[in-house]
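To keep things clear, I will list the structure first and then write my remarks on it.
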Amino acid sequence: MTSPTRRRDAVANKEAILDAAAELLRRSPQAPLDRIAAAAGLTRRALYGHFASRDELLRELLDRGAAHISRALEGVRHDDPAVHVALLGSAIWRTIAHVKLVVQMLVTGPLEHAVGEAVAPLRRSLRDAVERGCADGSFRQDATPQVVTRLVEEAALSVLDVAVARDLPDDDAQRILIATALGVAGLSWRDAQDAIARADLAAEAAA
């Protein structure tokens, strides 16, 4: 039987590995496992005692991120679909901005399906806003809500790629992401800026 002390040590070591991985991969997404183990103050063998592969470690980090996303989305809703989308974009960018390199790696890597599961709450919230916007005529009418939702998702990922490639300041990247998403949904750039301003006011009022 494993002693309580050894169990506590195992839990602490696992958390140390995850913390080290999150910090190291934030700066260098391709960092090898031995560097992650060293950053955690452990051996590579100790790391493999908790994670059988790099993908298994990334999946655990992804689960952590999913929990952060779920918390970030709590209470995010607005009667105006455009403001709702803007609030979503703001909440998500604040959650991923410091790990955007890791996010970019995950969404294009072998864990793409797992990423889809992790962001399911975000997709449901976005789909709700798009369906309401298409129904009331404030969003584009030339495609189904399902198609518009997918286009918004793809546009957001494209902005993430540009933000990483150009090393855009986080505030600029967040604004561009939201404006692009709203533009794809059918708003003019002026209407998009207005929705962003109203989302900022709504967020301040909620805070």
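The values are calculated or read from the model by the stated rules, or taken from the named source; none is laboratory data. These numbers come from a predicted model, not from an experiment. Positions of Cβ are backbone-derived with ideal geometry, glycine not excepted, and every protein chain shown enters the neighbour counts. Note: accessible area is taken over every heavy atom of the protein model, side chains too, but ligands, DNA and RNA are not part of it. Shrake-Rupley method; radii C 1.70, N 1.55, O 1.52, S 1.80 Å.
Exactly one residue among A38, A97, A82 is of a type in the set (G, A, S), open to solvent by 30 Å² or more (accessible area, probe 1.4 Å) and assigned to a helix (DSSP H, G or I), and that residue is A38. Going through (1) free of Cβ contacts under 8 Å to residues at least 60 places away in the same chain; (2) touching a helix residue (DSSP H, G or I) at 6+ places or on another chain (Cβ under 9 Å); (3) assigned to a helix (DSSP H, G or I) one by one, V76 falls short only on (3).
Taken together, the residues in the stretch 101-143 that are open to solvent by 50 Å² or more (accessible area, probe 1.4 Å), in a loop (DSSP other than H, G, I, E, B) and in contact (Cβ under 8 Å) with a residue 40 or more places away in the chain amount to 4.
Cβ separations smaller than 6 Å between residues 6+ apart or across chains give the following pairs from the stretch 49-71 residues that are modelled with pLDDT of 90 or more to residues that are among the aromatic types (F, W, Y) and open to solvent by less than 40 Å² (accessible area, probe 1.4 Å): L57/F51.
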